[in-house]
Amino acid sequence: MRTEFRLSGSGGQGILLAGIVLSEAAILEDLNVSQTQSYGPEARGGSSKAEVVISDADIDYPKNTDPDYLLALTAESYRAYGPEMGKGTIIVDSSVTLDPAIKAKTVPVPIIETTQKIGRMIVTNIVALGVIGGLSGIVKQETLEKAVLGRVPKGTEELNITALKAGFEIASNLRRDG
């Protein structure tokens, strides 16, 4: 089993941290992981991308070759990486206008809207992580919670777990609704 994730958005949305937390959760479940990241020169607002490869066997190539999941939190990241998707699923924020030229299975998800309801935009990445974890089933929810708690600043644990659970609930509703 080799599962590839490409997480993308803009600087300041916590994409790189989401990739690290997903990787750590997989390690906690004794899976092999490779995680790479890149970002634009801007501190905030530039492009941001994390790639995670998770496998129960040795990982012979550490980068994505044909991602199983693409997270696109911005229209720019959707347009940049969506056309490259083959077999995988695109998880795109529902605020992004879909492009009919992008043929991969695309699932619009209210990640930013959910984050706004929680009241702190800083947890956008954690809501997205819950959606990814819930849709992929790559790790258990409890393991992802443990990895989140190991990385978030002291005093924000409850907020981040609320965000993660909201993401898992979105994923559960999507699976139920088909």
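Here are a few things to note about the model shown:
- Screening region 48-71 for residues that are among the small types (Gly, Ala, Ser) and surrounded by 24 or more Cβ atoms within 10 Å (Cβ to Cβ) and picking the one that is farthest from residue 30 (Cα to Cα) gives 48.
- Qualifying residue in region 94-108 (condition: at pLDDT below 95 and under 25 Å from residue 24 (Cα atoms)): no
- For region 76-93, the criterion of being within 26 Å of residue 159 (Cβ to Cβ) and modelled with pLDDT of 95 or more is satisfied by at least one residue.
- Figure legend. Inter-residue proximity from region 145-165: first residues more than 15 Å from residue 18 (Cβ to Cβ), second residues of a type in the set (Gly, Ala, Ser), beta-carbon distance below 7 Å, spacing 6+ or different chains. Indicated pairs: 165/130.
- Just so you know, in region 73-82 the residues that are outside any loop (DSSP other than H, G, I, E, B) and touching a Leu at 6+ places or on another chain (Cβ under 9 Å) include one that is most open to solvent (accessible area, probe 1.4 Å), and it is 81.
- Contact annotation: residue pairs with Cβ atoms under 9 Å, 6 or more positions apart or on different chains, pairing a residue in region 1-23 that is closer than 17 Å to residue 65 by Cα and open to solvent by less than 10 Å² (accessible area, probe 1.4 Å) with a partner that is among the charged types (D, E, K, R) and not in a strand (DSSP E or B), are 4/63; 4/66; 4/68; 5/68; 8/76.
The values are calculated or read from the model by the stated rules, or taken from the named source; none is laboratory data. Computed from a prediction, not measured in an experiment: that's the story for all the values here. Reconstructed Cβ throughout: ideal geometry from the backbone, glycine too, with neighbour counts over all protein chains shown. When the accessible area is computed, the model is the full protein with side chains, heavy atoms only, and any ligands, DNA or RNA have been set aside. Shrake-Rupley method; radii C 1.70, N 1.55, O 1.52, S 1.80 Å.
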